[in-house]
There are 2 protein chains.
Amino acid sequence: MLVLGIVESSLELVPSTIAQHPAIKAAAAARRKMPEHTLLDEAVHSTAIKTLTDSEKRGRPDVLHRSLLTALDSVLARENLLRLFVHTGADAIIEVKSHTRLPRRFARFTGLMEQLLLTKRVPPQGSILMQLRRRKLAVQIQQLKPSCTFLLTEGGKQTPPTEFAQLICSEEKPLVMIGGFAHGSFTSTTMNLAERKVCIYPAPLSASTVVGIVLHSVANQLRLSKQRFNSS
Amino acid sequence: MLVLGIVESSLELVPSTIAQHPAIKAAAAARRKMPEHTLLDEAVHSTAIKTLTDSEKRGRPDVLHRSLLTALDSVLARENLLRLFVHTGADAIIEVKSHTRLPRRFARFTGLMEQLLLTKRVPPQGSILMQLRRRKLAVQIQQLKPSCTFLLTEGGKQTPPTEFAQLICSEEKPLVMIGGFAHGSFTSTTMNLAERKVCIYPAPLSASTVVGIVLHSVANQLRLSKQRFNSS
């Protein structure tokens, strides 16, 4: 079982400090929502976001959307060998069941994430698919008790994907953390939580590309397709 | 050099037969466009699409969007080892330069594809990034002269991704065709153009997942990360 954490993800509701910005008010009104009940999104709120601290890392829920779809669509998730959580910059942890059928359209994903951030669970009733807890990443890792915590970062030890997949498969309960943001770098808090820092390619890759390379390489290493062919 | 073709892609402008449908007229008016100048999209036009032939394969430009992003973000594209084209159900061929910076947001991708389908090229002036030609897939393949034409399909020969990557790498100029639609099956025309039909996993996978598995497995097979580490 591989645990994948998409960390420091660019996912939050519009902060109250910029909720009265004209562009944000207008966009919320068009959706008949209160500004603070809408997702911060650089494509809609670019001017207002620039006034926030750490602005380059914020307002990119599309990065998380594509990363989650890549993970949930993977062979590893299909074979029930993936446990998935999202950590946000504001220290929320979202557990995502690996059989969740996430909306493939960004507009619907936005609505779902707004609901999740406001009500802490999706769906509102019945069996939970996504659940949000206020919890620091350090506490999440303590509770997960991984046998090794890896962080994918450009400054990490140069390790080609196939070697990294072997490394992951040699661990009993590996946790792989990938950044859920488009620009900027990890905080020192996150960096200090990683036992091993790994670089799979010496140039920046998008978050969903890293998710794909890691999960597909692990599935290949485990020969999941071959096993499934033989058993079917 | 690998040639990737995303074929029978679910990409077209609203056909004139349903352009007067109230939902389609309203959605176009909200964007201040003529209905026939907007992309057919099942998320907006679901009722009207059901009246079309082959409706299950149509109106899913998001499938192509995610597949293209997966391809263009890949290490193979970064290393200039990928040539990419899109084939649509209406027999148009779109050549996509591998250094194209495609809009990551679906709304902007929609606008760009509308421009491309109307004007046949993007950007309108200067060096071409995407070019559309009316051309059958058979003609495109004749012009490309691949050493072998592969088609990824569930009914193909069971071949785990690492073995498929070896097969691709043993070819001088392989063409890999992946379906750019969400539901339904290939036409017999496309099936007949494939010299080898391959199945990499014995259950349906999303188009972008198949693109990712194939391109990442080929990059691993070629040890591209290792080469780049050594040369940097």
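Given the conditions (1) modelled with pLDDT under 95; (2) within 14 Å of another protein chain (Cβ to nearest Cβ); (3) out of contact with any Gly (no Cβ under 7 Å at 6 or more places or on another chain), report the number of the one that B:Thr51 does not fulfil.
All conditions are met except number (2).
Residues B:Gln143, B:Gln221: which one is out of contact with any Pro (no Cβ under 9 Å at 6 or more places or on another chain) and closer than 21 Å to A:Ser208 by Cα? Lay out the reasoning, then the answer.
Values: B:Gln143 fails: closer than 21 Å to A:Ser208 by Cα.
One residue alone meets the criteria, B:Gln221.
Which residue pairs have Cβ atoms closer than 7 Å, lie 6 or more positions apart in sequence or on different chains, and pair a first residue in the range B:23-39 that is within 15 Å of B:Leu118 (Cα to Cα) with a second residue that is in a loop (DSSP other than H, G, I, E, B)?
B:Pro35/B:Val14; B:Pro35/B:Ala19; B:Glu36/B:Val14; B:Glu36/B:Ala19; B:Thr38/B:Val14; B:Thr38/B:Arg31
If a residue must be over 14 Å from B:Val7 (Cβ atoms), in contact with a strand residue (DSSP E or B) (Cβ under 8 Å, 6 or more places away or on another chain) and β-branched (Val, Ile, Thr), how many such residues does the range B:84-142 contain?
Final tally of qualifying residues: 4.
Among the listed residues A:Ala90, A:Ala165, which satisfies the condition of being of a type in the set (Gly, Ala, Ser), touching a residue at least 40 places away in the same chain (Cβ under 8 Å) and buried (at least 21 other Cβ atoms within 10 Å of the Cβ)? First the steps, then the outcome.
Details: A:Ala90 fails: buried (at least 21 other Cβ atoms within 10 Å of the Cβ).
The conditions single out A:Ala165.
Quick check on A:Phe181: is it in contact with an Asp or Glu (Cβ under 8 Å, 6 or more places away or on another chain) and aromatic (Phe, Trp, Tyr)?
yes
On the given criteria, is B:Lys173 surrounded by fewer than 21 Cβ atoms within 10 Å (Cβ to Cβ) and more than 13 Å from chain A (Cβ to nearest Cβ)?
Numbers: surrounded by fewer than 21 Cβ atoms within 10 Å (Cβ to Cβ): yes; more than 13 Å from chain A (Cβ to nearest Cβ): yes.
Yes.
Starting from the range A:115-133, keep only residues that are over 10 Å from A:Ile94 (Cα atoms), then list their pairs with residues that are of a type in the set (Val, Ile, Thr) and assigned to a helix (DSSP H, G or I) whose Cβ atoms are within a distance under 8 Å, requiring at least 6 positions of separation or different chains.
Filtered contacts from the range A:115-133: no entries.
Would you mind stating whether A:Ser55 is of a type in the set (Ser, Thr, Tyr), within 23 Å of B:Val210 (Cα to Cα) and in contact with a helix residue (DSSP H, G or I) (Cβ under 8 Å, 6 or more places away or on another chain)? Step through it out loud before you land on a result.
Details: of a type in the set (Ser, Thr, Tyr): yes; within 23 Å of B:Val210 (Cα to Cα): no; in contact with a helix residue (DSSP H, G or I) (Cβ under 8 Å, 6 or more places away or on another chain): yes.
The answer is no for A:Ser55.
Being within 14 Å of chain A (Cβ to nearest Cβ) and under 20 Å from the mean Cα position of the chain (by Cα) narrows it down to one of B:Ala165, B:Ala138, so name that one. Working first, answer last.
Numbers: B:Ala138 fails: within 14 Å of chain A (Cβ to nearest Cβ).
Exactly one residue qualifies, and that residue is B:Ala165.
So, of the residues in the range B:142-162 that are closer than 24 Å to A:Asn220 by Cα and small (Gly, Ala, Ser), which turns out to be farthest from the other protein chains (Cβ to nearest Cβ)? Steps first, please.
Let us first name the residues in the range B:142-162 that are closer than 24 Å to A:Asn220 by Cα, namely B:148-162.
From the residues that got through so far, the ones that are small (Gly, Ala, Ser) too are B:155-156.
Working: B:Gly155: 13, B:Gly156: 12 Å.
This residue is B:Gly155.
Only one residue in A:Leu193, A:Leu167, A:Leu151, A:Leu144 is on the phi < 0 side of the Ramachandran plot and in contact with an Asp or Glu (Cβ under 9 Å, 6 or more places away or on another chain), so which one is that?
Values: A:Leu193 fails: in contact with an Asp or Glu (Cβ under 9 Å, 6 or more places away or on another chain); A:Leu167 fails: in contact with an Asp or Glu (Cβ under 9 Å, 6 or more places away or on another chain); A:Leu144 fails: in contact with an Asp or Glu (Cβ under 9 Å, 6 or more places away or on another chain).
Result of the check over A:Leu193, A:Leu167, A:Leu151, A:Leu144: A:Leu151.
Going through A:Ala43, A:Ala71, A:Ala30, A:Ala77 one at a time, which residue ends up being within 12 Å of chain B (Cβ to nearest Cβ) and surrounded by fewer than 16 Cβ atoms within 10 Å (Cβ to Cβ)? Steps first, please.
Numbers: A:Ala43 fails: surrounded by fewer than 16 Cβ atoms within 10 Å (Cβ to Cβ); A:Ala71 fails: surrounded by fewer than 16 Cβ atoms within 10 Å (Cβ to Cβ); A:Ala77 fails: surrounded by fewer than 16 Cβ atoms within 10 Å (Cβ to Cβ).
Matching residue, one of A:Ala43, A:Ala71, A:Ala30, A:Ala77: A:Ala30.
Applying the selection to the range A:1-18, what residues are surrounded by 18 or more Cβ atoms within 10 Å (Cβ to Cβ) and of a type in the set (A, V, I, L, M, F, W, C)?
Scanning the range A:1-18 gives A:Leu2, A:Val3, A:Leu4, A:Ile6, A:Val7, A:Leu11, A:Leu13, A:Val14, A:Ile18.
Find the residue count for the range A:181-198, including only residues that are closer than 19 Å to A:Leu11 by Cβ and either within 14 Å of chain B (Cβ to nearest Cβ) or among the β-branched types (Val, Ile, Thr) (or both).
Residues that pass the stated criteria total 6.
With crowded, with 16+ Cβ neighbours inside 10 Å and out of contact with any Phe, Trp or Tyr (no Cβ under 9 Å at 6 or more places or on another chain) as the only criterion, which of A:Pro35, A:Pro22 stands out?
On the way: A:Pro22 fails: crowded, with 16+ Cβ neighbours inside 10 Å.
When all the criteria are applied, what remains is A:Pro35.
Among the numbered criteria (1) under 17 Å from the mean Cα position of the chain (by Cα); (2) at pLDDT 95 or above, which one does B:His99 miss?
It fails just one condition, (2).
Select from the range B:199-224 the residues that are within 19 Å of A:Thr159 (Cα to Cα) and more than 7 Å from chain A (Cβ to nearest Cβ) and list them in ascending order.
B:Leu215, B:Val218, B:Ala219, B:Gln221, B:Leu222, B:Leu224
The values are calculated or read from the model by the stated rules, or taken from the named source; none is laboratory data. This is a predicted model, so every value here is computed, not measured. Virtual Cβ from ideal backbone geometry, glycine too; neighbours counted across all protein chains shown.
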